[in-house]
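Q: One structure, as structure tokens, below. Some questions next.
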Amino acid sequence: MSTNGVLSAFADGELGFVDETALAAWVAQRRWYATKGRGIAQASVVQALPLGGEPPLVLALVQLRFHSGTWDLYNVLVGLRPAADGLDEESICEADGWVVYGALADPVQCRRLARLLSASAVVERPSGRVEFHGLQGSAPLAASTRVRALSGEQSNTSLVYDEQVVLKVFRRLAAGTNPELEMLRFLSERGCENIPELLGWFEHRGERIDATLGIAVRHVAEARDGWRLALDALVAGEGETLMASLTELGAVTGRMHTLLASDPEDPDFAPEEPSSETTALLAATIDEHLERTIDEHPDAVEAEEVALGNGGGATLHLAERNARDARRRDQCADARARIAARHDAALLERAHHADVRESLQPSAAEYEGCTLRYEPGHRQPPPLRGTTQPIHRNRVWADRANGVGGDSAS
């Protein structure tokens, strides 16, 4: 392909010239790549939509296939520049004198994306379209001159424009409205003052997927999450100040949850009475988190002192910590017993129906890629997370109804 041919194809959204091996290697090295524990069998651009500009900004939907047979879809914005400009860590591949690169590292392309959002642009192609929705207050995006990426971002890419607006670009895509956008819209429409102001979002609609691509919110300077706030306060010996802040944080959280449950007519937010199955599965998940935390902090650790940061110089010694961990193990054992009792009750309730075995049997597709953990003493182990395949929540109950997976299962 000639030099002009690459530029013309790129402007038309034809990215067949992109080296798939190089693309897979580039994605695997990104901080936002979510499944680093699995090798990529193939990376391919399954759809590309030019968003305008010269050289153009292109939205590429990249499908990553794994050796297990599963796949994920990623949002990758790319640009094109002359190879003479040199290569850097954002370079994906070279083709006939041009370099395809990750565009969100380029301030020019980032400002182009911001202008599209502020203008509520719609870019449409036969295979799909990208819709930008700029709300009142998004005007600073169009006039922005400085842009930087937040260094702490892991699963997405967040861009700060003139220290006024944050544009978060979602990388791994899931069908439907992103829950973060859904929550911000609901709370904003009801006057919640304890969230960043929603300024806009952009989304893809088409044959491949309908999904939220990114959201824009008002930048909150020097904002920190609760964990960072607590650590900083303890290091500074400001435990009493922290407790006062936590009281206020609890009150704000309470008001937010009250607001989220305020509209019984909205099917996405209307309060629901949890079933016995839901509470049992929730308890099992909490139990799994507790057990994993204890496993990650075994007894065979070197003696050390952990400062409590209460200003009195109090310390927690190894013997006291071991006693604390023993109490937590006892709590886990009690939790497992309660979980087993809840699951037994749920199973007996279902057993009243003549079709219990059929209703509890998952399909072959639902078994694919699932992993269950069976350990001695666990009457009802929860399914492990981390698979992209669906897990039938009644699978274990079905096993037990068929005489499989009792106390002796391994």
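The values are calculated or read from the model by the stated rules, or taken from the named source; none is laboratory data. In this text the structure is predicted, and so the values were computed from the model without any measurement. Glycine gets a Cβ as well: all are built from the backbone with ideal geometry, and neighbour counts include every protein chain shown.
Q: Identify, by number, the condition in (1) touching a helix residue (DSSP H, G or I) at 6+ places or on another chain (Cβ under 6 Å); (2) not in a strand (DSSP E or B) that K36 doesn't meet.
A: (1)
Q: Name the single residue that is modelled with the lowest pLDDT among those in region 49-75 being closer than 27 Å to R115 by Cα and assigned to a loop (DSSP other than H, G, I, E, B).
A: That would be P55.
Q: Which one of these does P196 not meet: (1) in contact (Cβ under 8 Å) with a residue 40 or more places away in the chain; (2) touching a Lys or Arg at 6+ places or on another chain (Cβ under 9 Å)?
A: Checking P196 against (1) in contact (Cβ under 8 Å) with a residue 40 or more places away in the chain; (2) touching a Lys or Arg at 6+ places or on another chain (Cβ under 9 Å), the one that fails is (1).
Q: Considering only residues that are in a helix (DSSP H, G or I), β-branched (V, I, T) and modelled with pLDDT of 95 or more, look in region 1-32 and name the one that is surrounded by the most Cβ atoms within 10 Å (Cβ to Cβ).
A: For region 1-32, the residue satisfying everything is V27.
Q: Also, I was wondering about something else. What tally of residues in region 112-137 results from selecting those that are within 25 Å of the chain's Cα centre (by Cα) and either of a type in the set (D, E, K, R) or assigned to a loop (DSSP other than H, G, I, E, B) (or both)?
A: 3
Conditions (1) touching a His at 6+ places or on another chain (Cβ under 8 Å); (2) modelled with pLDDT of 90 or more; (3) loosely packed, with under 13 Cβ neighbours inside 10 Å, marked per residue:
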residue: P126; (1), (2), (3): no, no, yes
residue: V130; (1), (2), (3): yes, yes, no
residue: L135; (1), (2), (3): no, yes, no
residue: P140; (1), (2), (3): no, no, no
residue: G152; (1), (2), (3): no, no, yes
residue: V169; (1), (2), (3): no, yes, no
residue: M183; (1), (2), (3): no, yes, no
residue: L187; (1), (2), (3): no, yes, no
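Q: Further question on the same structure: Which count do you get for residues in region 200-216 that are under 29 Å from Q164 (Cβ atoms) and either loosely packed, with under 15 Cβ neighbours inside 10 Å or at pLDDT below 95 (or both)?
A: 1
Q: Looking at region 139-187, what strands (runs of 3 or more DSSP E) fall wholly within it and have at least 3 residues that are of a type in the set (A, V, I, L, M) and touching a residue at least 60 places away in the same chain (Cβ under 8 Å)?
A: none
Q: Considering only residues that are over 12 Å from the mean Cα position of the chain (by Cα), closer than 26 Å to A261 by Cβ and of a type in the set (S, T, N, Q), which ones fall in region 157-189?
A: Correct list: T177, S188.
Q: While we're on this one: Yes or no: V99 under 21 Å from F170 (Cα atoms), at pLDDT 90 or above, surrounded by 15 or more Cβ atoms within 10 Å (Cβ to Cβ) and not assigned by TED's automatic domain parsing to the domain that holds F202?
A: no
Q: What pairs come out if I take residues in region 239-265 that are among the hydroxyl-bearing types (S, T, Y) and pair them with residues that are surrounded by 14 or more Cβ atoms within 10 Å (Cβ to Cβ) and not in a loop (DSSP other than H, G, I, E, B) whose C-beta lies under 8 Å away, six or more apart or interchain?
A: T241/A233; S245/L229; S245/A233
Q: Counting only residues that are surrounded by 19 or more Cβ atoms within 10 Å (Cβ to Cβ) and touching a residue at least 60 places away in the same chain (Cβ under 8 Å), which one in region 59-72 is nearest to the chain's Cα centre (by Cα)?
A: Filtering first and then ranking leaves D72.
Q: Specify the residue that is farthest from P196 (Cα to Cα); the eligible residues are those in region 256-269 that are out of contact with any Leu (no Cβ under 8 Å at 6 or more places or on another chain) and outside any loop (DSSP other than H, G, I, E, B).
A: Step by step, filter region 256-269, then rank; the result is T258.
Q: Answer yes if at least one residue in region 33-45 is farther than 21 Å from E124 by Cα, modelled with pLDDT under 95 and aromatic (F, W, Y), and no otherwise.
A: yes
The rows are residues; the columns are (1) under 21 Å from the mean Cα position of the chain (by Cα); (2) outside any helix (DSSP H, G or I); (3) crowded, with 16+ Cβ neighbours inside 10 Å.
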| residue | (1), (2), (3) |
| --- | --- |
| T247 | no, no, no |
| A251 | no, no, no |
| P271 | no, yes, no |
| I286 | yes, no, no |
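Q: Can you tell me which condition V46 does not meet? The list is (1) outside any strand (DSSP E or B); (2) closer than 22 Å to G206 by Cβ, and all the others hold.
A: For V46, the exception is condition (1).
Q: Please specify each residue of region 224-249 satisfying the condition of being within 21 Å of F186 (Cβ to Cβ) and among the small types (G, A, S).
A: Correct list: empty.
Q: Hey, any hits in region 220-227 for a residue that's at pLDDT 90 or above, within 30 Å of S120 (Cα to Cα), within 24 Å of the chain's Cα centre (by Cα) and of a type in the set (A, V, I, L, M)?
A: No, every residue in region 220-227 fails to be at pLDDT 90 or above, within 30 Å of S120 (Cα to Cα), within 24 Å of the chain's Cα centre (by Cα) and of a type in the set (A, V, I, L, M).
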